1. When we measure straight from the Cα of Lys32, which lysines land under 30 angstrom away, once same-chain ones fewer than 8 places off are left out?
2. Work out which GluC sites (Glu not before Pro) in the chain are exposed loop sites (DSSP not H, G, I, E or B, at most 16 other Cβ within 10 Å) and give the longest gap free of them.
3. In the chain, which longest range has no chymotrypsin sites (Phe, Trp or Tyr not before Pro) that are both DSSP loop (not H, G, I, E or B) and surrounded by at most 13 other Cβ atoms within 10 Å?
4. When Rg is the radius of gyration of the Cα atoms in segment 186-244 and Rh is its Kirkwood radius, what does Rg/Rh come to?
5. Over all directions, how big on average is the projection of the convex hull of the alpha-carbon atoms in segment 124-200, in square nanometres?
6. Please report the carbon-and-sulfur percent of the accessible area for the chain; probe 1.4 Å, protein heavy atoms only, DNA, RNA and ligands left out.
7. Where does helix 40-126 land angle-wise versus the long Cα axis of the chain, in degrees 0 to 90, nearest 10?
8. If you stretched the chain out fully between Glu104 and Ser239, how much longer would it get, using 0.36 nm times the residue separation minus the C-alpha to C-alpha distance?
Amino acid sequence: MKQSKKYLIASLGALAAALSLHSHADTPSDIKICIDIKNSTKRVACFDKLAGNLLALEAEKERQSKNFAEIEGRRLENEKIEKEKVEIKRREDENIKQENIEKEKFASIAKEPIKSLRKLQSRIQTGISYRDYPNAVSDAKYEVSSFNRDYSGKTPAYSRYLNDAVVKYADAIAVWKYKFEGRGVEEWIWTTGAVSALTQRYPELSAVQKNAGLRIDSVLQFLWDLAGRDIELADQELSATLKK
């Protein structure tokens, strides 16, 4: 009997310790209440109830632990998503920044050939000599050719207008040359082949043709006006391209 009582006390101590670990504030008094019960059946029922409370506490602890794990998992997942969003935004900003740098670089390069053509146009309008004209055309042609070599695929229309202007300025060199072929200064192109070649290339010249000849100054102005028109078209095309 003493041994059974000893086991009972040990079991009750273990139960009390277990219950106290689960923050059951009234455990000592609950055990004492159970011990003080004289009726064995009621006493066992009391301890069964305490044991049930222990199991309930274990189940609650497990449920809370599971909930915590789920909440923590969602928090970590959300944190991961937010980090990915930040990284995506950083990359997008970096790409935009790089695109803007590339656009500014291209804009600077693209403006050079039309700037050289504008310079030539200005020299013609203010008065340029026949001796200086070929070199001035050559300078503009170099800028246009350099740009078209690297960027004509990117800006086909702009490159075409630039090249068309250069062609007309270059044709004007040949026309101007006729002035000094003879001993004096010629005012007209009378050579049949030359007249025919010019009117075929520029049909509008037929309107200023007179007695099978072409007045040199009229042809020069005509070519320079056409080149100026090409420059304006190139300028418009470049502005549209840079706005994209």
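1. Answer for Lys32, where 30 Å is the Cα cut-off: Lys2, Lys5, Lys6, Lys42, Lys49, Lys61, listed by chain and number.
2. Segment 1-180 is the longest.
3. Value returned for the longest uninterrupted segment is 1-129.
4. Here the Rg-to-Rh quotient is 1.20.
5. 6.6
6. For the chain, the apolar C and S fraction of the accessible surface comes to 54 percent.
7. 10
8. Extra length available between Glu104 and Ser239 comes to 47.3 nm.
The values are calculated or read from the model by the stated rules, or taken from the named source; none is laboratory data. Bear in mind the structure is a predicted one, so any value in this text is a computation, not a measurement. Quick reminder, even Gly has a Cβ in these numbers, built from the backbone with ideal geometry, and neighbours come from all protein chains shown. For accessibility, only protein heavy atoms count, side chains too; no ligands or nucleic acids. Shrake-Rupley method; radii C 1.70, N 1.55, O 1.52, S 1.80 Å.
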